Amino acid sequence: MSPSDPVTDLKDRLAEVDATEALPLVLADKPRALRSATDVPDRIFRVVASGSGTIVLIVMGLVGLFLAIRGYQALSVAGPKFLTEPSWNPNSGTFGIAAVLSGTFFIALTALVTAVPLALGTALYISEYAPGRVRGVLVSIVDLMAAVPSVVYGLWGVFFLSPAILPLSQWISTYFGWIPIFAVSGFDPNDPLSSTTVFSASTFIAGIVVGLMVAPIASSIMREVFTQAPIGEREGALALGSTKWGMIRSVVLPFGRGGIIGGTMLGLGRALGETIAVYLIISPVFVIQPHILEKGANSIAALIALRYNEASAFEISALMAAGLTLFLVTLVVNFGASTIIARSRSGSQSD
């Protein structure tokens, strides 16, 4: 008997199978659908997680809707001038948030200039340089500072920081007054009798206090991201002869870019909405005040706190419209930060 040919045997077997059944086995080009069975705990977790996210979105939408409804009367009267008018006289029909909106951004940006370097340096020291025993203590201290009420920071700023920082404000204005934001009207650096009261209750002081408030929050976020930098890349950089700072600069900081941006934007959101500390420190003015060292500042949150108790019905509507503006600005900042973080390496790792 001659040995069988494998090709002939395969043809004979395929001929015995019905063509309609053999064709899908030979020519099928679609992947087989995979089905995974989920148990009851997974289903409960999925429902709870989805429901929680939906509830958060609904609550945010209801808050915005409430502010829009309550502020519609004032917005219909003011029109587009609500964003460009600096004065605030709702009962006379002339009002807008140009002054307080610009003051809000000036205070928030001053706070970020103060907070970001402090938070970044603290996070790097705790995650990379601090000994093990000291690290736990520092983490606890930073977290406790984030929990201190804002009124405590405000009182500290009024009674301690304001008098102590006036010489610094005077020095900055004397040597850097040629920069517009550091110029102070009514102050002559060559006059020894010039009063330093023109530097009190300024955007600069309020921004420093708010910056010290947001620094612990930003530092905690940055520290958590820095500690998640890949160990292999850390050791690889050191094995190639890099110094500790070189490893941090080439591995930790690029990996933690999302955490740095996230902490900064979270601090910005906190600074934009800070009320009590700013209210205690500033001297309210209703003009656009770009000179951060000069006396007089304002913010939307401080305006609402200042005018709400004695406001008429129409002025309350105007305050609600101002609150709606602050709500929308905060949403834009947070969504922008989320988009940037999602494109970063640490942000993609956390998705």
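The values are calculated or read from the model by the stated rules, or taken from the named source; none is laboratory data. For clarity, every value in this text was computed on a predicted model and none was experimentally measured. With ideal geometry, Cβ positions are generated from the backbone for all residues, glycine too; neighbour counts draw on all protein chains shown. Side chains included, ligands, DNA and RNA excluded: accessible areas come from the protein's heavy atoms. Shrake-Rupley method; radii C 1.70, N 1.55, O 1.52, S 1.80 Å.
Annotations for the structure displayed:
- Of everything listed in (1) touching a strand residue (DSSP E or B) at 6+ places or on another chain (Cβ under 9 Å); (2) buried (at least 21 other Cβ atoms within 10 Å of the Cβ); (3) not β-branched (Val, Ile, Thr), the single unmet condition for LEU324 is (1).
- Segment 123-179 holds helices (runs of 4 or more DSSP H) entirely within its bounds, and those carrying 2 or more residues that are out of contact with any helix residue (DSSP H, G or I) (no Cβ under 6 Å at 6 or more places or on another chain) and free of Cβ contacts under 8 Å to residues at least 12 places away in the same chain map to 132-146, 162-176.
Here's the yes/no breakdown for (1) modelled with pLDDT of 90 or more; (2) under 30 Å from ARG234 (Cβ atoms); (3) surrounded by 13 or more Cβ atoms within 10 Å (Cβ to Cβ):
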| site | (1), (2), (3) |
| --- | --- |
| THR110 | yes, no, yes |
| PRO117 | yes, yes, no |
| LEU138 | yes, yes, yes |
| ASP143 | no, yes, yes |
| GLY154 | yes, no, yes |
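- Taken together, the criteria place VAL285 among residues that are under 23 Å from TYR153 (Cα atoms) and either open to solvent by 50 Å² or more (accessible area, probe 1.4 Å) or at pLDDT below 90 (or both).
- Restricting segment 69-108 to residues that are among the aromatic types (Phe, Trp, Tyr) and open to solvent by 30 Å² or more (accessible area, probe 1.4 Å) leaves a set whose member that is farthest from ILE181 (Cα to Cα) is TYR72.
- Exactly one residue among LEU266, LEU272, LEU303 is open to solvent by 20 Å² or more (accessible area, probe 1.4 Å) and part of a helix (DSSP H, G or I), and that residue is LEU266.
- Residue count for segment 185-229, restricted to those that are of a type in the set (Gly, Ala, Ser), over 24 Å from PHE286 (Cβ atoms) and without any contact (Cβ under 8 Å) to a residue 12 or more places away in the chain: 1
- Looking only at segment 211-229, and only at residues there that are closer than 22 Å to TRP156 by Cβ and polar (S, T, N, Q), the one that is surrounded by the most Cβ atoms within 10 Å (Cβ to Cβ): SER219
- You will find that of ILE292, ILE260, the residue that is within 23 Å of the chain's Cα centre (by Cα), crowded, with 18+ Cβ neighbours inside 10 Å and outside any helix (DSSP H, G or I) is ILE292 and no other.
- Filtered residues of segment 230-252 (kept if open to solvent by less than 20 Å² (accessible area, probe 1.4 Å) and without any contact (Cβ under 8 Å) to a residue 40 or more places away in the chain): ALA237, GLY246, MET247, VAL251
- Some residue of segment 188-210 being surrounded by fewer than 18 Cβ atoms within 10 Å (Cβ to Cβ) and assigned to a helix (DSSP H, G or I): yes
- Of the residues making up segment 308-318, none is closer than 12 Å to VAL100 by Cα, open to solvent by less than 40 Å² (accessible area, probe 1.4 Å), assigned to a helix (DSSP H, G or I) and at pLDDT 90 or above.
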